[in-house]
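The values are calculated or read from the model by the stated rules, or taken from the named source; none is laboratory data. Every value quoted in this text rests on a predicted model; they were computed, and no experiment measured them. Positions of Cβ are generated from backbone atoms using ideal geometry, with glycine treated the same way; all protein chains shown enter the neighbour counts.
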Amino acid sequence: MTDLTYSPYSYEIDADPYPVYKRMRDEAPVYRNEELDFYALTRFDDCLAALQDWEAFSSAKSTVLELMNGDEMGGNMMIFMDPPRQTRYRALVSKAFTKARIDALEPQIRSLAVEHLDELVGRTRFDAVKDFTAKLPIDVISTLLGIPKEDRDQVRQWSNDFLHREPGSGDVTPQGLRAMVDSQTYYQSCLDERRRQPRDDMMTDLTRASIRDESGETVQLSDDDIRGFFTLLATAGNETVTKLLAQSLYWLAKFPDQRRRLVEDPQRARNAVEEFLRFDPPSHYQGRWLNRDVEMHGVTMPKDSRVLIINGSSGRDERRFEDPDRLDVERNVDVQLGFGFGRHLCLGAQLARMEMRIGLQEFLARWPDYDAPDDGLERIHSSNVRGLSGLRIEV
């Protein structure tokens with residue numbers, strides 16, 4: 001048997017990480033990579049425990065391996081914060097990112113899905129990512145924020161450029177750095193415009209949101225805070241749904257019996273979303289910095305270690321899920337780690353679930369039978385997001 005080696009930068013592993021994850025769960029539940037200097041947790045219970053223990057497993061020094069160098073991230077990305085700062089920031093953002101505002105989006109999300117999919121009706125071959133799954137999430141986020149249609153492709157491209165990594169490297173590419181600068185300039189121009197001319201959109205709501213902090217003072221989001229939230233939505237919010245929806249369509253081609261269940265009863269799509277998140281999630285690990293020594297399975301991970309909580313593995317853990325390598329759209333996934341857990345549960349989980357459910361229902365209503373050949377796949381590569389940048393559908 002070959003040596004057990006795991007790197008989040010390996011294109012070969014990224015193509016199918018699940019056999020490696022199984023070996024890690026069985027042979028090294030606390031895996032150590034000396035060369036890249038990190039530990040990794042792969043079993044469901046261990047991942048769940050780590051995600052809940054934010055005091056030991058800190059997010060403040062980044063959650064992405066290549067950015068974790070021991071320094072506080074600073075900046076204004078909520079995923080790179082610990083309480084109480086994260087609690088205050090989340091409370092402010094939640095003033096605008098309300099359940100009522102998300103619920104009100106459902107007719108618009110369905111209309112957007114119908115618009116994109118109806119353009120493909122009659123074609124015998126198309127790219128589900130480029131023609132549908134990459135368009136729907138950015139359109140939804142743009143509708144929520146108030147970004148005009150003519151700018152949406154550019155916002156999506158900035159996100160793709162920032163996330164892309166070259167083989168064997170964790171560094172942001174020069175193109176990715178330019179994308180970050182250009183996107184921040186664009187978001188600031190949007191904020192300036194909202195202050196001059198307020199609108200009925202989340203962008204305007206965020207400029208007005210306020211809460212009382214622990215000292216009783218009224219606090220608001222700074223422009224840096226709001227731009228950080230836009231970046232989070234345009235990267236994490238956009239990319240994860242794009243990838244999850246594409247991968248779901250791919251797996252429904254490989255499991256036609258499961259596809260038939262969703263065609264027979266479109267309401268099963270709600271539960272199917274939870275199964276796809278378990279089976280093949282887009283976000284594969286959450287990085288954490290240890291604030292103290294932590295012992296698991298006889299291994300002590302010392303303070304100031306970098307730890308990868310590999311939720312992409314936890315969903316295939318046979319200790320938690322029966323026959324985990326089998327897709328079952330009616331499976332009961334009672335605890336979901338695909339959107340994180342605890343303090344860092346994804347704020348946009350409700351919106352992502354709605355986009356997924358509607359996307360699956362509308363796609364299958366038009367193409368109840370289709371194929372997705374393996375030679376029609378293209379992958380995008382980043383250290384912690386796994387998914388497709390191209391998916392050829394043959395009707």
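Considering only residues in region 337-395 that are part of a strand (DSSP E or B) and surrounded by fewer than 18 Cβ atoms within 10 Å (Cβ to Cβ), the one that is modelled with the lowest pLDDT turns out to be Arg379. Sub-9 Å Cβ pairs linking a first residue in region 296-307 that is over 22 Å from Thr63 (Cβ atoms) to a second residue that is surrounded by fewer than 17 Cβ atoms within 10 Å (Cβ to Cβ) and among the charged types (D, E, K, R), at least 6 apart or interchain, are Thr300/Asp293, ordered by first then second residue. Just so you know, in region 205-241 the residues that are of a type in the set (Ser, Thr, Tyr) and surrounded by 20 or more Cβ atoms within 10 Å (Cβ to Cβ) include one that is modelled with the highest pLDDT, and it is Thr240.
Just checking, does region 302-310 include any residue being buried (at least 18 other Cβ atoms within 10 Å of the Cβ), under 21 Å from the mean Cα position of the chain (by Cα) and within 22 Å of Val241 (Cβ to Cβ)? Checking region 302-310: at least one residue is buried (at least 18 other Cβ atoms within 10 Å of the Cβ), under 21 Å from the mean Cα position of the chain (by Cα) and within 22 Å of Val241 (Cβ to Cβ).
Conditions (1) of a type in the set (Lys, Arg); (2) in a helix (DSSP H, G or I); (3) more than 22 Å from the chain's Cα centre (by Cα), marked per residue:
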{"site": "Met73", "(1), (2), (3)": "no, no, no"}
{"site": "Asn76", "(1), (2), (3)": "no, no, no"}
{"site": "Val93", "(1), (2), (3)": "no, yes, no"}
{"site": "Val114", "(1), (2), (3)": "no, yes, yes"}
{"site": "Asp139", "(1), (2), (3)": "no, yes, no"}
{"site": "Thr143", "(1), (2), (3)": "no, yes, no"}
{"site": "Arg156", "(1), (2), (3)": "yes, yes, no"}
{"site": "Glu166", "(1), (2), (3)": "no, no, no"}
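Being within 28 Å of Leu41 (Cα to Cα) and part of a helix (DSSP H, G or I) is a description that does not apply to Ala253. Would region 161-183 turn up any residue that is within 24 Å of Arg353 (Cα to Cα) and either surrounded by 13 or more Cβ atoms within 10 Å (Cβ to Cβ) or at pLDDT below 85 (or both)? Within region 161-183, one or more residues are within 24 Å of Arg353 (Cα to Cα) and either surrounded by 13 or more Cβ atoms within 10 Å (Cβ to Cβ) or at pLDDT below 85 (or both). In the condition set (1) surrounded by fewer than 20 Cβ atoms within 10 Å (Cβ to Cβ); (2) in contact (Cβ under 8 Å) with a residue 60 or more places away in the chain; (3) farther than 19 Å from Ala269 by Cα, Glu322 is compliant with all but (2). When Tyr39 is tested against the conditions (1) modelled with pLDDT of 95 or more; (2) part of a loop (DSSP other than H, G, I, E, B); (3) closer than 18 Å to Asn311 by Cα, the lone failure is (2). The requirement of being modelled with pLDDT under 95 and among the β-branched types (Val, Ile, Thr) is fulfilled somewhere in region 51-70, by at least one residue. Applying the set (1) surrounded by 17 or more Cβ atoms within 10 Å (Cβ to Cβ); (2) free of Cβ contacts under 8 Å to residues at least 24 places away in the same chain; (3) touching a helix residue (DSSP H, G or I) at 6+ places or on another chain (Cβ under 9 Å); (4) farther than 20 Å from Gly348 by Cβ to Ala49 leaves exactly one unmet item: (3).
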